[in-house]
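Student: Below is the structure I would like to discuss, written out as structure tokens.
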Amino acid sequence: MLVCLSHNQSLTRRIDVVLQGDLYAEKHDDVCVMFASIPSYNGYYHEAELQGRKDGKEALRLLNEIISDFDTTLSSKARFASIEKIKTIGATYMAAAGISPNNTKSTTVDSDGDKDKEDESEGPAAWTTKKRRSRNLRVMLEFAESLQRSLQNINQHSFMNFKLKIGINIGPVVAGVIGRSKPLYDIWGNTVNVSSRMESTGQPGKIQLTADLAELAQADGYETEYRGTVQVKGKGELETYFILTNAYRAQN
């Protein structure tokens with residue numbers, strides 16, 4: 001598993017807490033979590049191995065180019081400052097919007113399990129839960145569409161036909177740093193599980209989300225398409241929708 005630390009400098013403070021011997025954990029509300037995978041990549045990699053293309057090194061070089069382009073898209077645009085890359089898992093890119101300390105309520109837990117610091121501030125009073133959710137969803141959808149365009153550009157010069165399968169969800173998460181040697185930053189919670197399920201049950205080239213988020217997206221001017229119901233562990237059947245982005249229309 002490849003893990004890349006966030007471009008957000010606040011993560012350095014979190015790593016320092018762990019290295020000083022304290023357990024780090026924060027709870028955040030209204031976080032938008034995205035999983036974006038390239039479902040056909042594994043087949044491409046195995047084909048490259050079978051054809052003896054330097055033991056799949058060319059396939060890994062292309063994956064590195066794709067992920068690096070995604071990282072550049074995230075770090076080079078000011079409007080994506082609220083998004084943090086969490087990690088890559090094979091050909092899957094995971095990111096979250098709304099976990100920066102100045103945007104959400106956070107709690108730090110020390111090694112004895114006691115609250116070390118709790119910030120009750122939720123920022124400007126105007127940021128109600130609905131507005132935070134809408135803002136985090138909007139920026140994540142913009143980022144997701146940018147990733148779709150980035151992959152289309154790579155397809156053009158590599159003569160590939162990769163498509164992203166994207167799942168998005170919003171809700172509370174617990175963020176933390178695990179381990180003293182090579183500490184890893186990650187997020188956990190039902191929100192993450194549902195987002196992962198939106199990706200795994202989605203379709204290549206499309207962004208899948210739940211009905212409540214589709215309603216938020218529609219209010220922001222996005223066109224949606226009803227997909228049907230998806231079985232989610234612990235949640236039962238959920239109605240889901242696809243977001244019809246300009247990048248999606250361009251490739252269909």
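Bear in mind that the values in this text are calculations on the coordinates, not laboratory data. These numbers come from a predicted model, not from an experiment. Every residue, glycine as well, gets a Cβ built from its backbone with ideal geometry; the counts of neighbours run over all protein chains shown.
Student: Set the Förster radius R0 to 41 Å, insert the Cβ-Cβ distance between LYS182 and ALA219 as r into 1/(1 + (r/R0)^6), and round the FRET efficiency to 0.05.
Tutor: FRET efficiency, LYS182 to ALA219: 0.45.
Student: Multiplying the sequence separation of ALA211 and ILE89 by 0.36 nm and subtracting their Cα-Cα distance, what value in nm do you get?
Tutor: 41.2 nm
Student: Let me ask something else about it. Label points 7 Å out from Cα along the Cβ direction at ASN161 and GLU142: separation in nm?
Tutor: 3.3 nm
Student: Next question, about the same structure. Simple spin-label model, 7 Å along Cα-to-Cβ: ARG61 to THR128 in nm?
Tutor: 5.5 nm
Student: Provide the packing ranking of 69-76, 189-196, 156-163, i.e. peptides ordered by the mean count of other C-beta atoms within 10 Å per residue, highest first.
Tutor: The most tightly packed comes first, giving 189-196, 69-76, 156-163.
Student: Let me ask something additional. So, R0 is 41 Å and r is the distance between the beta-carbons of THR72 and THR229; what FRET efficiency does that work out to, to 0.05?
Tutor: Once the sixth-power term is evaluated, E becomes 0.65.
Student: Still on this model: Taking the Cα centre of segment 180-227 as origin and charging only Cβ (+1 Lys, Arg; -1 Asp, Glu), how large is the dipole, in debye to the nearest 20?
Tutor: 440 debye
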